[in-house]
Amino acid sequence: VSVIEVALLKENYSLKWWDMRKDFSQFDFMNPKLMGFLINDRGKKGFLRDLLKIVQPNHWFSILKSEDAYFNVDSRLEQPQKFKNQGDFLKLMKDIQKNEGFIFPVYRNWKKLIVWNLNNMISFLYVV
């Protein structure tokens with residue numbers, strides 16, 4: 001995870017460790033710098049998972065946040081999938097927690113500025 005953290009910092013992003021003892025519904029989803037989540041999925045908890053860990057290691061994937069939705073961009077999917085609602089998204093996160101996986105929120109380290117152009121159109125400019 002440290003290598004990923006350093007790589008993200010070089011691109012002006014930061015990765016935080018989510019305390020897995022906390023209920024994920026307490027997460028601050030309104031933070032305007034939130035870009036998404038990096039997930040370490042360990043699979044379903046149990047004897048078989050521990051036995052297969054050598055053959056089938058943990059799986060990493062991302063969830064990206066847009067203005068009004070979350071998208072699962074797991075490489076195991078044919079294409080990114082939009083979560084139908086926040087309930088479906090929270091269910092996945094709670095399953096990750098239950099199976100002793102890890103959730104890492106990713107934030108942008110720049111400010112979003114609203115800029116008006118000559119045609120009275122809104123543009124967005126990001127500043128580090």
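The values are calculated or read from the model by the stated rules, or taken from the named source; none is laboratory data. Since we're looking at a predicted model, the values are computed, not measured. Heavy atoms of the whole protein, side chains included, go into the accessibility calculation; ligands, DNA and RNA do not. Shrake-Rupley method; radii C 1.70, N 1.55, O 1.52, S 1.80 Å.
Maximal additional length on extending the residue 110-residue 14 stretch stands at 33.5 nm, based on 0.36 nm per residue less the C-alpha distance. Between residue 68 and residue 33, the contour length at 0.36 nm per residue exceeds the alpha carbon distance by 11.2 nm. Residues in the stretch 12-25 carry Karplus couplings, in order, of 6, 10, 10, 10, 10, 8, 8, 5, 5, 7, 7, 6, 5, 5 Hz; the curve used is 6.51 cos²θ - 1.76 cosθ + 1.60 with θ = phi - 60°, and Gly or Pro positions show x. Estimated at the nearest 10 Å², the accessible area of residue 88 is 70 Å² with a 1.4 Å probe.
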